[in-house]
Amino acid sequence: MNRIAKLMMTAGISGALAVGASACGGGSSAQAGSSTAPSGATASGPDTVIIKNFEFMPKSLTVKAGATVSVHNEDSTTHTLTAINGAFNTGDIAPGTTKTFTAPAHAGQYSFDCQIHQYMTGTLTVTG
Ligand SMILES: [Cu+2]
């Protein structure tokens, strides 16, 4: 019996010490997770086509009638983005540069290619 009492006493003391030690730390409730960055992909960003590795990216782009579309050439050779029916044309886009064109005023689908590399093709969809 004496031993058990002694054990309980030591347990009690060490328990009290533990409580005293931890009491200093637990002040702020964890509200640190409130930095939720709004990483919503804005669908209405600038209308941009990138040319890379002899490809238009994206190959299919939808813009509003009359929108200004930027075309950035990331290749090391000159490209163009030219409507097959002549509705728009960036002209030569030198490597590493950007040109813009104005989307047609009439809704519809416009096929385009690169006048220099005619296997490079894409489609511009214009909405009214
Ligand atoms: Cu090209």
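The values are calculated or read from the model by the stated rules, or taken from the named source; none is laboratory data. Note that the coordinates shown come from a computational prediction; the quantities given were computed from them, not determined experimentally. Here the Cβ is made from the backbone with ideal geometry for all residues, glycine too, and neighbour counts use every protein chain on show. Side chains included, ligands, DNA and RNA excluded: accessible areas come from the protein's heavy atoms. Shrake-Rupley method; radii C 1.70, N 1.55, O 1.52, S 1.80 Å.
By how many nm would the segment from Thr100 to Thr62 grow when fully extended, if each residue of separation counts as 0.36 nm and the alpha-carbon distance is taken off? All intermediate terms of the calculation are to be shown ahead of the outcome.
On the way: separation 38, 0.36 × 38 = 13.68 nm, distance 1.53 nm.
Contour length minus Cα-Cα distance gives 12.2 nm.
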Ile116 long-range amide H proximity, modeled H, under 5 Å:
Thr80
Over the range 47-127, with every protein chain in place, what whole percent of the accessible area is carbon and sulfur at 1.4 Å, could you tell me?
49 percent
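Among His106, His79, what's the order by accessible area (1.4 angstrom probe), most exposed first? Please list the in-between numbers first.
Values: His106 135, His79 0 Å².
Order by accessible area, largest first: His106, His79.
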Students often get this wrong: which residues of the range 84-114 have the backbone nitrogen under 20 Å from the point 7 angstrom along Cα-to-C-beta of Ser76?
93-98
Quick one: grab Rg to one decimal and Dmax as a whole number for the range 47-127, Cα atoms only, in Å.
11.2, 34
Near Phe101, within a Cβ-to-Cβ distance under 15 Å, what is the net charge of the other residues, with Lys and Arg +1 and Asp and Glu -1?
-1
May I ask you to give the solvent-accessible area per residue for the range 47-127, in square angstrom, as obtained with a 1.4 angstrom probe?
50 Å²
If unit charges are put on Cβ atoms (+1 for Lys and Arg, -1 for Asp and Glu) and the dipole of the range 47-127 is taken about its Cα centre, the option from Gly66, Phe101, Ser76 lying farthest towards the positive end turns out to be Gly66
Rounding to the nearest 20 debye, state how big the charge dipole of the range 47-127 is about its Cα centre with +1 on each Lys and Arg Cβ and -1 on each Asp and Glu Cβ.
180 debye
